[in-house]
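J.: Got a structure for you, questions after.
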Amino acid sequence: MKNIFSTTVNFFLKNWFYLIAIVLIIFAGTLLNKKPKTIDEKVEVLLQKMTLEEKIGQMNQYNGFWDVTGPAPKNGDAAKKYDHLKKGWVGSVLNVKGVEEVRKLQELVINETRLGIPLLFGFDVIHGYKTIFPIPLAEAASWDLEAIEKSARISATEAAAAGINWTFAPMLDVTRDARWGRVMEGAGEDPFLGAKIGVARIKGFQGDSLNKSNTIAATAKHFAGYGFAESGRDYNTVDIGTVTLYNTIFPPFKAAVENNVQTVMNSFNVVNGVPATANAFLQRDILKSKWNFEGFVVSDWGSGLEMIDHGYAKDLEQVAELSANAGSDMDMESYAYVKHLKELVESGKVNIKVIDDAVRRILKVKFELGLFDNPYLYCDSLREKELTNSKAFHEAALDVAKKSIVLLKNDGNILPLNKSQKNIAIIGVLAEEKNSPLGSWRLGADDSSAVSVLEGISKYTSNYTYAKGAALSLNATNFVDEVMINETDKSGFANAVQAAKNAEVVVMVLGEHGFQSGEGRSRTNLNLPGVQQELLEAVYKVNKNIVLIVMNGRPLTLNWADANVPAILEAWQLGSQSGNAIAHVLFGDYNPSGKLPMSFPKSVGQLPLYYNHFNTGRPGPKKEVFWSHYTDESNEPLYPFGFGLSYTKFDYSNLIIDKKNPKSITVSVTIRNYGKVAGEEIVQLYLHDKIASIVRPIKELKGFHKIMLKAAESKTITFTLTEKELGFYNENGTFVVEPGEFNIMVGASSKDIKLQQTILL
Ligand code: NOJ
């Protein structure tokens, strides 16, 4: 026994070194074999394998540069980009769509690059892919979060079926100036409504799990302040103070981050003199530190390069240095990273930690999307066929299009039209338009695929005469060229006037061309473009019984129409189902319920115009001139934020405020439909913090409910106000809740306050 013991001890003593080595090898082996489980672990393992060039490649995004179905490019820039793709120097492409194309590119990187890291395919799926939904500003008028989420859900499903896995939407810029063409792409002037709608759209795009084949990554854009371009001129200077930045511009973005938006796009403008792309305060301090954003930031198209014109960077190398250090993770089409980041890291101007952080974020999104499990997740041509333009998608598009229409005027209840209405004159070229209602951002759609107003109406009656009156545009319109408006040709007026003379009712379809709003399409004049106002007045001379349908991508100045025409329907650009939606409302199959998400000015001179403004020290009115006003126009909008009529009427009563728990105040109110038909009302709650450490807006939306009431039905609804609604960001950007008096208002629009009460907290 003793022998065995001493032999064993001796053995251990002699071989201890080898034994420990064996144990260590086994331990290390298990460690090495341990499969990374979480996405973060997987990202880390992959990152360790990557060369600097490959890392920088992930931060580089190219626009689609050759017809993927044809032969590979042999020379020029395209050949260079193609070579970069094969080397793994490209992390994402944009504007490549369709299963065949996407699959080809994905195969290229999977099969030819060293690490086979799948590409992200980005696309502007703004309000639909093939089935086009109303422009976002119109959808916002529905205040219907469920319908808006569904619209984004379907847009994502269709886009994903066509190979796309990342949309550059939603645009979360709060907008107060209708001259800016991109107001069409957002949710209007209110940060509270904008945040709710933004979140609904993100949920719709991203679904409940990103790695499904019908969900895509969303982008909160443009961070930040792009909607505040001075004088409404796109790409212009932005100059905003801390209070506006924190209380008006940030909230929708903060809400987006809290709701797991995968990416954020920076913007073309400066904030405090620093272009957003190189703005460390925005991208690092606020987004990534304060808000803990874990996704990645993509630059806007060439926004890096544009810093040279801004006068902020001397050359492309400095662009790369400034953007990367400031937290712009992916470079869209500036070529700055791919050309210069390597030498910048080698010279120590950009720390490798900056690169690693950006790449981690980008890889994480790719893992979240399930692309490493299956890079061809979005590449099923059968799905592409099945999930394009389906009947169910069009039904949903019709539903939200109807809900987006706003009834602005209905004197004498001229609307709805009787279904057996005789002798309708339909006037205005937009009535026959099948392209314009698709709006500006509909890059995936088939041209001229919308249902026109004529087609919609003809499903109800054939008892109409159509006269276009005048052309609206003179050229073939498209996404990149300026629309040339007909300012002179009135040769069709006589026919239109003749048709109106013989009609019992005239339906006039007037407004903007779909390509008059959108990116790069600012206007200084918000009247009906071209000769349309003259046409309206010429028709009015012979027949006053006019229903005006306005199609537009932004608020217009409709003073004359409002003063003279008995009925006005705001029909925006409603997408594929435009004509059907309008006809449903015209003939009363749908009772309009939309409310304006943006004030309609009386004059361009009033802009920027928004309901939630400060009171100023001289709110007036006063007898003498020394108060804040215009001498030639009122301060009021023509139609205020939150305004919209119905074919029925609602009555508000019984405002009860319970503040027993000051951290959760409840406000209840009873709404009754006292008209003859069922209808939806959007009940709005506004708050005014009367005295505070910084001045507060005269009212701010802090809650809304959309309810359906049958004729004679009543419902009591309850709002809850917490510190989140009661507080605000002060001049240091700190969120504070201050005790004091609050006026709580409930109403049918920002102007039409039905009930209010002041409480002390
Ligand atoms: C520029 C626009 O500002 C941005 O919103 C869009 O997503 C990109 N171009 C990509 O098309």
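J.: Compute the angle between helix 2-33 and the longest alpha-carbon principal axis of the chain, please, reported from 0 to 90 degrees and rounded to the nearest 10.
T.: Rounded to the nearest ten degrees, it is 30.
J.: Here's another thing I want to ask about it. Mind checking the per residue accessible area of the chain for me, 1.4 Å probe, whole number of Å²?
T.: Per-residue accessible area for the chain comes out at 40 Å².
J.: By how many degrees, between 0 and 90 and to the nearest 10, does the Cα long axis of helix 76-87 differ from the longest principal axis of the chain?
T.: Compared with the principal axis, the helix lies near 50 degrees.
J.: Sorting check: for 512-518, 668-674, 52-58, which peptide has the highest mean count of neighbouring beta carbons within 10 Å, and how do the rest follow?
T.: Packing order, densest peptide first, comes out as 512-518, 52-58, 668-674.
J.: Near Ile56, within a Cβ-to-Cβ distance under 10 Å, what is the net charge of the other residues, with Lys and Arg +1 and Asp and Glu -1?
T.: 0
J.: Something else now. What is the distance, in nm, between label points placed 7 Å from the Cα along the Cα-to-Cβ direction at Ser664 and at Phe626?
T.: 5.2 nm
J.: Could you give the distance between the Cα centres of the range 443-505 and the range 130-164, to the whole Å?
T.: 26 Å
J.: Across every pair of different alpha-carbon atoms, what Kirkwood hydrodynamic radius in Å does the chain reach?
T.: 28.0 Å
J.: Turning to a different aspect of this structure: With θ taken as phi - 60° and the coefficients 6.51, -1.76 and 1.60, list the Karplus ³J(HN,Hα) couplings across the range 553-562 in order, rounded to whole Hz; mark glycine and proline as x.
T.: Karplus values, whole Hz, x for Gly and Pro: x, 6, x, 10, 8, 10, 4, 4, 4, 5.
J.: If you don't mind, another one. Say the cut-off is 30 Å between C-alpha atoms; which of Lys402/Lys660; Lys150/Lys459; Lys221/Lys468; Lys130/Lys751; Lys130/Lys490; Lys49/Lys221 go over it? Spell out each step's value before the answer.
T.: Values: Lys402/Lys660 41 Å; Lys150/Lys459 26 Å; Lys221/Lys468 39 Å; Lys130/Lys751 38 Å; Lys130/Lys490 35 Å; Lys49/Lys221 32 Å.
Over 30 Å Cα-Cα: Lys402/Lys660; Lys221/Lys468; Lys130/Lys751; Lys130/Lys490; Lys49/Lys221.
J.: Let me cross-check Ile352: its accessible surface, 1.4 Å probe, with only protein heavy atoms counted, in Å² to the nearest 10?
T.: Roughly 70 Å² of Ile352 is accessible to a 1.4 Å probe.
J.: Another question, if that's okay. Report the calculated FRET efficiency for Lys724 and Asp83 (r = Cβ-Cβ distance, R0 = 41 Å), to the nearest 0.05.
T.: Between Lys724 and Asp83 the formula returns 0.20.
J.: So for the range 650-760, what are the equivalent ellipsoid semi-axes in whole Å, largest first, each being the square root of 5 times an eigenvalue of the Cα gyration tensor?
T.: 29, 13, 11
J.: Moving on to the next point. Just subtract the alpha-carbon distance of Ala280 and Val677 from 0.36 nm times their residue separation and send over the number in nm, one decimal.
T.: On the way: separation 397, 0.36 × 397 = 142.92 nm, distance 5.51 nm.
Residue separation times 0.36 nm, minus the Cα-Cα distance, leaves 137.4 nm.
J.: Which value, to two decimals, describes the C-alpha radius of gyration of the range 394-438 once divided by 2.2 N^0.38 Å?
T.: For the range 394-438, the normalised Cα radius of gyration is 1.44.
J.: If I compute solvent accessible area with a 1.4 Å probe over the protein chains, what percent of it on the range 650-760 is carbon and sulfur?
T.: Roughly 51 percent of what the probe reaches on the range 650-760 is carbon or sulfur.
J.: Positive end of the dipole of the chain, charges at C-beta (+1 Lys, Arg; -1 Asp, Glu), about the Cα centre: which of Ser449, Met265, Gly740 has its Cα farthest in that direction?
T.: Of the listed residues, the answer is Gly740.
J.: Rounded to the nearest 20 Debye, what is the dipole magnitude of the range 650-760 about its Cα centre when Lys and Arg each give +1 and Asp and Glu each give -1 at the C-beta? Intermediate values should be presented prior to the final figure.
T.: Details: 15 positive and 13 negative charges, 63 e Å.
Charge dipole of the range 650-760: 300 debye, to the nearest 20.
J.: Hey, rough spin-label estimate for Ile694 and Glu258, points 7 angstrom out along Cα→Cβ, what's it come to in nanometres?
T.: Calculated label separation equals 1.8 nm.
J.: Run down the aspartates and glutamates and flag those whose C-alpha is under 16 Å from the C-alpha of Lys385, throwing out any fewer than 8 positions away in its chain.
T.: Glu100, Glu101, Glu158, Asp446
J.: Can you give the charge dipole size of the chain about its Cα centre, rounded to the nearest 20 debye, using +1 on the beta carbon of Lys and Arg and -1 on the beta carbon of Asp and Glu?
T.: For the chain, the charge dipole is close to 1780 debye.
The values are calculated or read from the model by the stated rules, or taken from the named source; none is laboratory data. Everything quoted here is computed from the prediction, not taken from an experiment. Using ideal geometry, Cβ is built from the backbone for each residue, glycine included, and neighbour counts are taken over all protein chains shown. Areas reflect the complete protein model, heavy atoms only, side chains present, ligands, DNA and RNA absent. Shrake-Rupley method; radii C 1.70, N 1.55, O 1.52, S 1.80 Å.
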